[in-house]
Structure formats: C-alpha cells, structure tokens
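Structure record follows, encoded as structure tokens.
The values are calculated or read from the model by the stated rules, or taken from the named source; none is laboratory data. Remember, predicted model here, so these are calculated numbers, not experimental data. As a convention, Cβ positions derive from the backbone with ideal geometry for all residues, glycine included, and neighbour counts pool all protein chains shown. We work out accessible area using only protein heavy atoms, side chains counted, and drop any ligands, DNA or RNA first. Shrake-Rupley method; radii C 1.70, N 1.55, O 1.52, S 1.80 Å.
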Amino acid sequence: MKRAVIIGTGSALPARVLTNAELEGMVETSDEWITARTGIKTRRIAGAGEKTSQLAAAAARRALALAGLTPEELDLILVGTITADMTMPSCACLVQKELGAVRAFAFDLNAACSGFLYALDVADKYIRSDPDLKIMVIGAETLSSRVDWHDRNTCVLFGDGAGACVVTGAESNGNHQRGYLAAKLYADGSLWELLHLEGAPGHNPDLPGAALTAHPSIRMYGREVFRHAVRAMADAVGKVLADQGITPAQLSLVIPHQANIRIIRSLAEHLALPLEKVYVNVDKYGNTSAATIPIALDEANRQGRLAAGDLLLLCAFGGGFTWGASLIRW
Ligand code: UT7
C-alpha cells in the first residue's frame, strides 16, 4: 500500500534579525524577561520582497530542489497561513504563480499555529485517493504585519518565515510502514477570544464587521493559552501514540510548535523524553505560527537528524483553538 511520504523540505527566513535588546528600546521589557519566560533571543522580520507568498515560494523552491521535481510536476499547493498577502486571491494561488506551477490547483487553510499539521493531513487524504499526486504543503507567515508593536504581551513573541515540504505516495520501506501513519486533530471554537486576530474592516454598515478597528492586531491572554496548550498537546500526543501502539521511547524526534521553551520542556517532561530528542529553534525565530513546524522539519532534515525508519512526531497548538499531533515514519 502506498502512503503519503515527504520527499523534500525547504524553508525561507527574512534577512532582518530583531533582537531582544532592540525590543527593550520599543516596549517596557528586558532580554532577561523574554529569555526566561519564552526562550526567545531573536526573531526574523520581513522586509521588501519578503511577503508571505514570496517567503512561501522560496521555501517551496528549496523543497522542490531536494525532491528533484520541477514546479510543473506539482498537482496541488496547500498553504497554512493566517497572514496571506491578501484575502483574495489566496496565498497558495500567488505561490502557484511565483513558482510557475501551472498544473497545480491551490488553496489556503486557516488553522493558525496548527495550520501545517492540518494541511499535511489534507495532503494525506488526497494521496489516499491518488498516490501519484505531488503536493506542496507550506506553512508561511508574516506575523510582524499583524502585531501591535506597543503591546509587550505579544510583540516580543512572534516572527516571520516559511517552511515547505513535497508529499507524494510511496511504497513501504522493507519491514517499515513508511510515511504518514496517523494524526489526531482537534478544535474548540468556544475559546476563540483567548487568542485572536480580527479581519479587515467591513464596508457594509449593516454588518458587525464595519465596527472593527482599522489595523487589527493579534490579541492573546497568554497565561490561559499557555495552560491550554500544555494540556491539549500532551493529550493529542498521547492519543496518536496509543492509536498506533507506540511508546514515547520509540520516537526518534519530536518537532513541537515553537511558541515557548517552557511549553516545549513541559511536553518533553510529560513524554519522559530527553530534550535532545525534541527539536528547538524558538530561540532563533520566535513563534512563526503555521511556519514553525515546517521550518524546524527542514532544519532537522538538512542536519541529517532524520534517518530512514525513524519515528517522527509533530504537534501543535494555536488560535481557534486548534491543536493536534501527527506521526510519521521517515
Ligand atoms: O502559538 C499559539 C500558542 N501560543 C502560546 O502557546 C503562547 C502561550 N503563552 C505564553 O507563552 C506565555 O503565557 C507568555 C510568554 C505569553 C507570557 O508568560 P507568562 O509567564 O504566562 O506571563 P504572564 O502573562 O502571566 O505575565 C507575567 C507578568 C505580567 O506582569 P504582572 O501583571 O505580573 O505585573 C505581565 O504584564 O509579566 C508581564 N509581561 C512582561 N514583562 C516584561 C508580559 N509581557 C512582558 C514582557 N516583558 N514582554
């Protein structure tokens, strides 16, 4: 049986590095507070030529190169994002144009920080219906454009970037059932207010959207989100492992959403895994929402941290709330 496998990864980050020391001059904060409470030291901020679609396309080109495919061979482009360049067309359509992926259909998916996990799951479902499909799955964000730079509760946390992977169907690898094994995905819209980003103002005075502010920014009740994130991710991970009859000790690498080093550590403790088995780059890039997991996946792949047969666990939590975990055999 053919399963969805990842045959190439790529990532792209803006050139501009924003340090904690610079933030000290912008809001009442300190390198000490940010480092101790979040683990973040720097984040990347997009500039000219680094719109979400452009970062996404750059990451996609690198993934195509590793996969040994041309853009024309792609059948579908999926982008998980909450910061598309425009409401319409989708970021995925702009990536299709940038790449010249003329045969591909393309659409965006909004699941906030869980966007890449949701998109990967959608790709898996398409591969089940046609294993020959070549699908580009991307997580890409420019959160710097949606952050209130006067709000110290949020502006120190977020960054910009994109990660991508090429997925297609492939046969099992010897004894191993290679590829995308399973996922558990969840949502709870009742808690939306704890972490949200309003849309653009509406123009119809009869609709509530007309009352929205002109420059909506991310709003977050951090402590509450933290509490839910720790519990929800541990629960999703437990369920996907139990579903597949796998113990945490069998995992080769865990790539969690990169929001806060304390959340990542608590997950590692919950799984009784040493931190060496958990990929961390939140210190360099901060929270890039849907892009954190595919950026980390590309780094891990290029560092040779993934060998054939390895069990890889991905897990995320974000606005919606949305959360989940997926299990892949490399
Ligand atoms: O990606 C989607 C999921 N997002 C997350 O998972 C984020 C989850 N939340 C978090 O990572 C953490 O809650 C934060 C990093 C956002 C905040 O850390 P915390 O330990 O939960 O701090 P807190 O919100 O409880 O705030 C503690 C204090 C407050 O001061 P008072 O009220 O105790 O006087 C804040 O005003 O820290 C203050 N504070 C800051 N101080 C210096 C908040 N932000 C800052 C700051 N610099 N940047």
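Of the numbered criteria (1) out of contact with any strand residue (DSSP E or B) (no Cβ under 9 Å at 6 or more places or on another chain); (2) open to solvent by 50 Å² or more (accessible area, probe 1.4 Å); (3) within 16 Å of the ligand (Cβ to nearest atom), the one Ala48 fails is (3). Ser145 falls short on exactly one of the conditions (1) within 16 Å of the ligand (Cβ to nearest atom); (2) part of a helix (DSSP H, G or I); (3) modelled with pLDDT under 95, and that condition is (1).
Of the residues making up the stretch 275-293, those that are in contact (Cβ under 8 Å) with a residue 40 or more places away in the chain, part of a helix (DSSP H, G or I) and on the phi < 0 side of the Ramachandran plot are Val282, Asp283, Lys284, Tyr285, Ala290, Ala291, Thr292, Ile293. The condition (being touching a residue at least 60 places away in the same chain (Cβ under 8 Å), farther than 30 Å from Cys93 by Cα and within 14 Å of the ligand (Cβ to nearest atom)) is satisfied by just one residue among Glu28, Glu32: Glu28. Are any residues in the stretch 213-251 among the hydroxyl-bearing types (Ser, Thr, Tyr) and open to solvent by less than 40 Å² (accessible area, probe 1.4 Å), and if so, which ones? Selection gives Ser217 alone.
Close Cβ contacts (under 8 Å, 6 or more residues apart or on different chains) running from residues in the stretch 93-117 that are open to solvent by 30 Å² or more (accessible area, probe 1.4 Å) to residues that are within 16 Å of the ligand (Cβ to nearest atom) comprise Asp108/Gly80; Asp108/Thr81; Asn110/Gly80; Asn110/Thr81; Asn110/Ile82.
The residue pairs whose first member lies in the stretch 141-168 and is over 18 Å from Thr81 (Cα atoms) and among the aliphatic types (A, V, I, L, M), whose second member is more than 11 Å from the ligand (Cβ to nearest atom) and in a helix (DSSP H, G or I), and whose beta carbons are closer than 8 Å, counting only pairs six or more residues apart or on different chains, are Val167/Leu120; Val167/Ala123; Val167/Asp124; Val167/Ile127.
Scanning the stretch 9-29 for residues that are open to solvent by 30 Å² or more (accessible area, probe 1.4 Å) and in a strand (DSSP E or B) gives Arg16, Val17, Thr19.
Answer yes if at least one residue in the stretch 247-259 is within 16 Å of the ligand (Cβ to nearest atom) and hydroxyl-bearing (Ser, Thr, Tyr), and no otherwise. Looking for residues that are within 16 Å of the ligand (Cβ to nearest atom) and hydroxyl-bearing (Ser, Thr, Tyr), one finds none in the stretch 247-259, hence no. Total residues in the stretch 278-330 satisfying the condition of being within 16 Å of the ligand (Cβ to nearest atom), buried (at least 22 other Cβ atoms within 10 Å of the Cβ), within 17 Å of Pro248 (Cα to Cα) and aliphatic (A, V, I, L, M): the figure is 3.
Within the stretch 144-167, the set of residues being open to solvent by less than 10 Å² (accessible area, probe 1.4 Å) and over 12 Å from Tyr285 (Cα atoms) comprises Thr154, Cys155, Gly163, Ala164, Cys165, Val166, Val167.
Out of everything in the stretch 260-274 that is open to solvent by less than 70 Å² (accessible area, probe 1.4 Å) and not in a loop (DSSP other than H, G, I, E, B), what residue ends up being farthest from the ligand (Cβ to nearest atom)? Among residues in the stretch 260-274 that are open to solvent by less than 70 Å² (accessible area, probe 1.4 Å) and not in a loop (DSSP other than H, G, I, E, B), the one farthest from the ligand (Cβ to nearest atom) is Ala268.
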